Every structure is written in C-alpha cells, then in structure tokens.
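These notes are about the structure you will find just below.
The values are calculated or read from the model by the stated rules, or taken from the named source; none is laboratory data. The shown structure was predicted, so the numbers you read here are calculated from the model rather than taken from an experiment. Note that each Cβ is placed from the backbone with ideal geometry, even for glycine, and that neighbours are counted across all protein chains shown. In case anyone asks, the SASA skips ligands and DNA or RNA and just uses the protein heavy atoms, side chains included. Shrake-Rupley method; radii C 1.70, N 1.55, O 1.52, S 1.80 Å.
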Amino acid sequence: MRSQSQPALRVLGIDPGLTRCGMGVVEGSVGRPLSLVDVGVVRTTSSLPVWERLVTIEKGVDAWLDEHRPDAVAVERMFARSDVSTIMGTAQAAGVAMVCAARRDIPVALHTPSEVKAAVSGNGRADKAQVGLMVTRILRLEAMPKPADAADALALAITHIWRGGAQSRLEAAVAAQARLEMHSPRKVLR
C-alpha cells in the first residue's frame, strides 16, 4: 500500500492582543517539514479609544487574510488571568480575528497556551524563550522571530497543522464511515 502524502495546509496563527497582535503564516503537513510564509505584528496605540484600536486590528487581519489566503486560522484560546483589563483587550482582539475569518468562511480553531507550548516544545509549561527557540528550529529560521507575539503566532499555526490537521482528518474519516454505514445494507440477525 502506497502512502499518500497529505496536502499542505496554510494556517494563519493569531496571538491576539490590543497593543500587539501577532500574525504568522505557516505552510506544511504532518510528517513533513513546515515552512514560514510570513510573520509580523499588527500594532495599535494605547492613546486611541478601544474601538479605533479594534478597527486597526480588523484591517490588519483582513489584509493578512487577503494576502495569504489561509486554509484555516488558529487563534489563542482565552484563559483567566489576574489582570482583567489585559484579558478584556485580548478577548476583544481575538473576537475581531475570528469574525474576520468567519466572514470569509475560513475555519477557525482555538488552542490554549498550554496546548501550543506542549505541541512545539513538548512541555505545556515552557516559557516564551523556549517556545521561540523551538519555533526557530521547527521552521529552520536563522533568528528567533521578534517580538514574542510574532513567535507565539507562528507556534499557534504550527500547533494547528500538527494537531488540528490531524483532528480534521480524523473527523472526516468518522463522517465518511458514518455515511458508508447509513447507505450499506443492514444485516438482520435471527
């Protein structure tokens, strides 16, 4: 039986933030080397009202989606922090990113920070430096992406290709099996 290679998946990883929203596009498939397509940060100024900052993030995410045409978008799943103002801005930026993808019918996946850390470093408690170092190695980069928000966005994209891609194939196989069972003649036991 010949092994069929999986088609490359292009994923836009988004590390949401109100001041710095990390953006990273990675392409590849499980079991194959991944490649960096682009990485950067959408920045906003804290002197502007929140709604204007969210519009800036929306325009930035839209531009990345238009330019890179990803197959999926991976966004950091929110978790409780002690600083409510930080989590509010992060949640608002994440919501904007999800809406931008949804408008284009691009699937969105949410990954927790510990899932991402575990996927790229093998340790769900890895620090930002360890994650950045592993992203650099995985993507065979000459230097670690800066700032950390950019590296985190790439880590989200890598995680989705490695975990989300496999999960999508699993779900597709289960659905195909269910369709087969629905349309096959049923055996009657006597």
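Evaluate E = 1/(1 + (r/R0)^6) for residue 128 and residue 87, where r is the Cβ-Cβ distance and R0 equals 25 Å; express this FRET efficiency to the nearest 0.05. All intermediate terms of the calculation are to be shown ahead of the outcome.
Values: r = 18 Å, r/R0 = 0.71.
The value I calculate is 0.90.
To the nearest 0.05, how large is the calculated FRET efficiency for residue 144 and residue 179 if R₀ is 41 Å and r is the Cβ-Cβ distance?
The pair residue 144/residue 179 has a calculated efficiency of 0.35.
Expressed as a whole percentage, what fraction of the accessible surface of region 66-146 belongs to carbon and sulfur atoms when a 1.4 Å probe is rolled over the protein heavy atoms?
That fraction is 53 percent.
Can you give the Rg/Rh ratio of region 49-99, where Rg is from the C-alpha atoms and Rh is the Kirkwood radius?
With Rh from the inverse mean 1/r over Cα pairs, Rg/Rh is 1.02.
Would you work out the relative contact order for region 6-143, in percent, from Cα pairs under 8 angstrom that are 6 or more residues apart?
24 percent
In whole angstrom, how long is each semi-axis of the equivalent ellipsoid of region 1-146, when you take the square root of 5 times every eigenvalue of its Cα gyration tensor and sort them from largest down? Please list the in-between numbers first.
On the way: eigenvalues 140, 71, 40 Å².
Ellipsoid semi-axes (Å, largest first): 26, 19, 14.
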